[in-house]
1. If I filter region 308-315 for residues that are within 29 Å of GLY632 (Cβ to Cβ), crowded, with 24+ Cβ neighbours inside 10 Å and among the hydrophobic types (A, V, I, L, M, F, W, C), do I get at least one hit?
2. Of the residues ALA373, ALA338, ALA343, ALA367, which is under 27 Å from ALA391 (Cβ atoms) and open to solvent by less than 10 Å² (accessible area, probe 1.4 Å)?
3. Please go through region 593-621 and give me each residue that is within 28 Å of GLY310 (Cβ to Cβ) and modelled with pLDDT of 85 or more, ordered by number.
4. For the list (1) within 28 Å of the chain's Cα centre (by Cα); (2) buried (at least 24 other Cβ atoms within 10 Å of the Cβ), I need the number of the one condition that ASP565 fails.
5. Scan region 532-540 and tell me whether some residue there is at pLDDT below 75 and over 19 Å from ILE305 (Cβ atoms).
6. Take GLU132 and decide whether it is at pLDDT 70 or above and either within 19 Å of LYS302 (Cβ to Cβ) or open to solvent by 60 Å² or more (accessible area, probe 1.4 Å) (or both).
7. Would you pick out the residues in region 135-148 that are part of a loop (DSSP other than H, G, I, E, B) and surrounded by 13 or more Cβ atoms within 10 Å (Cβ to Cβ)?
8. Could you say whether any residue in region 384-394 is open to solvent by 30 Å² or more (accessible area, probe 1.4 Å) and either at pLDDT 90 or above or β-branched (Val, Ile, Thr) (or both)?
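The values are calculated or read from the model by the stated rules, or taken from the named source; none is laboratory data. This structure is a prediction, so every number in the text was calculated from the model and none was measured. Glycine gets a Cβ as well: all are built from the backbone with ideal geometry, and neighbour counts include every protein chain shown. All accessible areas refer to the heavy atoms of the entire protein, side chains included, with ligands and DNA or RNA removed. Shrake-Rupley method; radii C 1.70, N 1.55, O 1.52, S 1.80 Å.
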Amino acid sequence: MTKIKRGLIRIIVAAVLFAAAVACNITLGGKAPQWAWAIVFAAVYLVIGCDVLIRAAKNIARGKVFDENFLMIVATVGAFAVGEYLEGVAVMLFYQVGELFQSYAVGRSRRSIAELMDICPQTACVETENGEVTVDPSEVEVGSVVVVRAGEKVPIDGVITDGSGHLDCAALTGESVPVEVKAGDTALSGAISVSGALRIRTVKPYADSTAAKILDLVENASAKKAKSENFITRFAAVYTPAVVIAALLIAVLPPLFIGYNVGSVWMEWVKRALTFLVVSCPCALVISVPMSFFGGIGCAGKNGILVKGGNYLELLSKADTVIFDKTGTITKGRFDVANIVYASGATEDDVLTAAAAAESLSNHPVARSIVRAALERGITAPSGVNATELAGRGICATLNGDEILCGNAKLMEERGIDRQEIDDMCATVVYVAKNGAYIGALAISDSIKDDSQKALADLKRDGIRTVMLTGDNHAVAQSVAERVGIDEFHAELLPDGKVAKAEEIIDGQSGGNGKLRGKNRGAVAFVGDGINDAPVLSRADVGIAMGALGSDAAIEAADVVLMNDRLSQIVFARKIAKKTVAIVKQNIVFALAVKAIVLVLAAFGIANMWLAVFADVGVAVLAILNAMRALGIKQTPAHKTDVSSVDKTI
């Protein structure tokens, strides 16, 4: 039996007993002795409040005295002490009803997250010499072949070796349309095979698979609290003992000045103090604020946006500057060789062969485009190549005693190699030299992502300053910036130059000393591919990894990971962040305002126990229901992209 069902049964039993006791009291017209009613209502009280008594006792034993359980016990037992048996039971009964609603709301939110993140299959079907064997995914070794049939989940990241079909990646990326896959394509754990059987060779152990890392990220997200959450925690630690002391003063001081034996003065002020205690429970804040961030994180995850903690949602809502990498972020990162020029005494094939040999061991998108262009011409990269990557400049390779340099203009200048300037095309230019002599160059073109222009326009409309940092040449950077509407750009930056420029922008936002420039200082977000840009991702207030599905470096370095490569997701992520923070502020203001008013009324004897119950339980339930709205934030048409008129060519 679940906790909620047990609580419901206890409330129903207690309510029936309470109603019977009240009916008897009315029927007898108060003829029964007080001690008899004390026993009857105490029995009902124990039925409904035994768990609160136990929790309070355990917390006191651990040294955690001042919590809501303690306040409820003091208030209700105090009511019994002054002869208010009916009110003492009623307060505890309604408190438990509120707790039931809270448990239901929290449980519903957790179920939504659990359903969202239920992406790890329980078993994996592995091919062996003796046929197919079903094992736990954690037991599958790297290099094993797993079979995934229609309707089953991919257990571990791998490459499809046989079969074709469609994979539903909604749980990973938020995409509603299944992705068509075939032999040679990557299959990520957590995706569901919609049609066809697939044979997949695993490339990672289960612990490092995409699904496992996503689950770990979401489970640990609550550890990084937002400032609002930390404020509420500190506030409750001071607030609770303060109100206990205030209640004690209310009960003791006025009777001393008014007169201890004047009528029922002492009893009246004790009742006020008890009402004051019931009102003062801080559960509306303590529960609803973390739950709001939890809901926002869950909503983001449901839409393919992984946020590592509530603090990053809060920072993202405050971001007023967003820095972008170019390649793979604003552009697709899908390069093609658009043109080849060659020096006297060389041919196009000579330039392409040398470049492909130098770039054959690199995984950089530009390198892959050169190798792909060579293969299309029937030129295969030779074996025996030794290559050294020169950060931000290119590659130096040796083959059969020949030295091949393949890189940008800076590399040629460093080596003192004269070259033909190519500045008439808005493309990435790769210069090639062999044994110290220039032999030609390749113009590599990229294309702008479908939604980059619209997404950047949406950000600017929201008052966001946009900056682009790139290692590419000035002409390409300027072309991209003009087409998508970037406010400012900085080109031809080495990796350390990117970090320095990002720090300059961040320090400019913070008044030059890296500290917050007042409470309203805007945060700086950096958007990159999460691999080459890891240092800048770590340095920014909020690091956002774009298009880094399955990348260990992205998940480690970034604070927010977008499980697809659409810039429009940043606009939606900001919408989630801003609405979540707005809900948090609403709950804080509402709870504090109601409690402040009722606390004053209680101190002056105007508020009774019933109003006190509303100020505690009622406010908590309303705040939690409001917090649950964060789970249902929708991506409105304003954040979707019309790409029909976007010029994608660079």
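1. Step one: filter region 308-315 for residues within 29 Å of GLY632 (Cβ to Cβ), giving 308-315.
Those still in the list that are crowded, with 24+ Cβ neighbours inside 10 Å too: 310, 312-313.
Those still in the list that are among the hydrophobic types (A, V, I, L, M, F, W, C) too: 313.
Yes, there is a match, as at least one residue in region 308-315 is within 29 Å of GLY632 (Cβ to Cβ), crowded, with 24+ Cβ neighbours inside 10 Å and among the hydrophobic types (A, V, I, L, M, F, W, C).
2. Working: ALA373 fails: open to solvent by less than 10 Å² (accessible area, probe 1.4 Å); ALA338 fails: open to solvent by less than 10 Å² (accessible area, probe 1.4 Å); ALA343 fails: open to solvent by less than 10 Å² (accessible area, probe 1.4 Å).
Of ALA373, ALA338, ALA343, ALA367, the one residue that is under 27 Å from ALA391 (Cβ atoms) and open to solvent by less than 10 Å² (accessible area, probe 1.4 Å) is ALA367.
3. At the first step, the residues of region 593-621 found to be within 28 Å of GLY310 (Cβ to Cβ) are 593-596, 615-621.
ALA593, VAL594, ALA596 - these are the residues of region 593-621 that are within 28 Å of GLY310 (Cβ to Cβ) and modelled with pLDDT of 85 or more.
4. So the condition that ASP565 fails would be (2).
5. Yes, because at least one residue in region 532-540 is at pLDDT below 75 and over 19 Å from ILE305 (Cβ atoms).
6. Details: at pLDDT 70 or above: yes; either within 19 Å of LYS302 (Cβ to Cβ) or open to solvent by 60 Å² or more (accessible area, probe 1.4 Å) (or both): yes.
In short, yes.
7. From region 135-148, those part of a loop (DSSP other than H, G, I, E, B) are 136, 140-144; that's our starting set.
Selection gives VAL140, VAL142, SER144.
8. yes
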